[in-house]
Amino acid sequence: MRIISIKVNKKEIYYAVMSKQDSENIILEKDEKISIPQNKTQPQLMGFFKDSFVNLLSEVKIKRVVYWCDSPGKALLLMPLGVLNLCCNECNIDTKSKYSQNITAGLLGFETKERGKKAIALMKDFYKNAKYKNEDMRKVLAIGTVVLRGGN
């Protein structure tokens with residue numbers, strides 16, 4: 001299975017293309033970020049998000065998009081995820097949302113008992129070829145790993 005894992009913050013869209021070829025090995029094919037313009041109106045931003053997501057989804061043949069959602073009360077962060085869901089729906093791509101409470105060390109393939117942020121911190125050096133090592137990319141890699149390991 002091949003997926004795109006996404007996390008949006010106020011300034012960037014972090015994403016990773018990940019795949020699972022056999023029973024255990026998960027491959028990080030690409031990790032990138034897209035800068036979000038800070039001088040746009042909300043309608044212009046939604047157009048930017050739609051264009052960015054359509055371009056991303058058309059670049060890579062995938063089965064699923066998984067996205068990080070930890071800000072249910074922050075409309076500006078949720079709007080891009082709504083646009084992402086719209087784009088995925090138009091492309092017949094399944095979506096799944098994840099957040100800290102969904103993540104455990106066991107789901108990531110570790111034998112420890114950490115949950116949430118502590119489990120996500122374990123991802124720091126998990127993918128040696130990752131360009132970005134910050135917390136947002138660790139979340140992107142964590143949710144992609146959970147999905148590809150069979151954790152829906």
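Only residues that are over 13 Å from VAL8 (Cβ atoms) and touching a residue at least 40 places away in the same chain (Cβ under 8 Å) were counted in segment 41-62, giving 4. Could you check, for segment 32-46, whether at least one of its residues is among the hydrophobic types (A, V, I, L, M, F, W, C), under 23 Å from ASN129 (Cα atoms) and either modelled with pLDDT under 95 or not in a loop (DSSP other than H, G, I, E, B) (or both)? Yes, the conditions are met somewhere in segment 32-46. Of all residues in segment 10-32, those satisfying the criterion of being over 11 Å from the mean Cα position of the chain (by Cα) and either of a type in the set (Lys, Arg) or surrounded by 10 or more Cβ atoms within 10 Å (Cβ to Cβ) (or both) are LYS10, LYS11, GLU12, SER19, LYS20, GLN21, ILE26, ILE27, LEU28, GLU29, LYS30. Of the residues LEU57, LEU76, the single one that is part of a helix (DSSP H, G or I) and modelled with pLDDT under 90 is LEU76. Looking only at residues of segment 104-152 that are among the hydroxyl-bearing types (Ser, Thr, Tyr) and touching a residue at least 60 places away in the same chain (Cβ under 8 Å), we find that the one that is surrounded by the fewest Cβ atoms within 10 Å (Cβ to Cβ) is TYR132.
The values are calculated or read from the model by the stated rules, or taken from the named source; none is laboratory data. Everything numeric here is computed off the predicted structure, so don't read it as measured data. FYI the Cβ positions are ideal-geometry reconstructions off the backbone, even for glycines, and counts take in every protein chain you see.
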